[in-house]
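Student: First, the structure itself, so that you have it in front of you.
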Amino acid sequence: MRRLVAFGLAAAALAAAALVVLRTSLVAVPAKGPTVAEWREVAWPYLRDQFPAGKAYECAAEACGRPLRVTFRAKIGFCNCATGVSDDEELERIGDLHLVSDKSTAMSDGREIVVGQMKGRSRPYRAAGAPLVYSIAFNDRCDVIVATAAPLDAREGVEEVEPTVLSFLNSDTVVHWAERAIGF
């Protein structure tokens, strides 16, 4: 009986180890992204509206694979305090996609993201005038940081720019700015 129990435990441990190895091998390891120094701050590119202008950064094609612009700003008290940015409808309500284009079509459902210690969503869109735009938002209680990310060239093709953008948004430069903007 002891041998049977020992054999069962050994088989379970071996199966768990195999699952970890298999799962690890299936996860794509992202390529090394650009450093924060390769992103340069530029002037806020959009017209003013009821919210203060935020920050805008650009990354050259040599560092990011294609030229990118990321803009982000705080919207204090504008997020659903109970659920945060937990679904695509909330992302569309609070996001800044309208600053990039009046007409856009979601390319897929959004997905959950984490920036610093804040949670939110990211969703890709096709927008008039830009082949690809990511609408991104993450919040702390009722306060939200909204971001847009778009290539600066008109090349078609959906290269995955989201990992590069999220890496930048998770940099100390952006996270510390966000914490100050929403009063951490």
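Taken together, the values in this text are just the output of simple stated rules run on the coordinates, not laboratory data. Note that the coordinates shown come from a computational prediction; the quantities given were computed from them, not determined experimentally. Heads up, the Cβs are rebuilt from the backbone with ideal geometry, glycines too, and the neighbour counts pull from every protein chain shown.
Student: With the contact rule set at Cα under 8 Å and sequence spacing of 6 or more, what percent relative contact order holds for the range 55-122? Please report the intermediate quantities before stating the final value.
Tutor: On the way: 56 pairs, mean separation 16.0, N = 68.
Dividing the mean separation by the residue count of the range 55-122 yields 23 percent.
Student: Can you give the relative contact order of the range 36-181 as a percent, counting alpha carbon pairs under 8 Å and 6+ residues apart? Don't skip to the end; give the middle numbers.
Tutor: Numbers: 296 pairs, mean separation 33.6, N = 146.
Contact order relative to length: 23 percent.
Student: Let me ask something else. Only loop residues by DSSP count here, and only those with at most 10 other Cβ atoms within 10 Å; note down the GluC sites (Glu not before Pro) in the range 97-159 that meet that.
Tutor: On the way: sites: Glu112, Glu156, Glu159; in loops: Glu156, Glu159.
The qualifying sites are Glu156.
Student: Quick one: which residues, 5+ away or cross-chain, put their amide H under 5 Å from the amide H of Phe78? H built at 1.01 Å from N.
Tutor: When sequence neighbours closer than 5 places are left aside, the close amide H contacts are Val144.
Student: Same structure, new question: Mean projection of the alpha-carbon convex hull of the range 36-181 over all orientations, in nm²? List each step's numbers first, then the result.
Tutor: Details: hull surface 31.4 nm².
Mean projected area of the Cα convex hull: 7.9 nm².
Student: Taking the Cα centroid of the range 87-107 and of the range 117-139, what is the distance between the two, rounded to the nearest whole Å?
Tutor: Cα centres, the range 87-107 to the range 117-139: 7 Å.
Student: Sum up the charges of everything whose Cβ sits under 10 Å from the Cβ of Ile136, counting Lys and Arg as +1 and Asp and Glu as -1, but leave Ile136 out. Present the calculation step by step, with values, prior to reporting the outcome.
Tutor: Working: positive: Arg121, Arg123; negative: Asp96, Glu162.
Net of charged neighbours comes to 0.
Student: Lys and Arg at +1, Asp and Glu at -1: add these up for the other residues within a Cβ distance under 14 Å of Gly95 and post the number. Don't skip to the end; give the middle numbers.
Tutor: Values: positive: Arg73, Lys75, Arg93, Arg121, Arg123; negative: Asp49, Asp87, Asp88, Glu89, Glu90, Glu92, Asp96, Asp102.
Spelling it out: positives minus negatives among the neighbours equals -3.
Student: Label point 7 Å out from Cys81 along Cα-to-Cβ: which residues of the range 103-139 have amide N under 18 Å?
Tutor: In the range 103-139, the label zone of Cys81 (backbone N under 18 Å from the point 7 Å along Cα→Cβ) covers 139.
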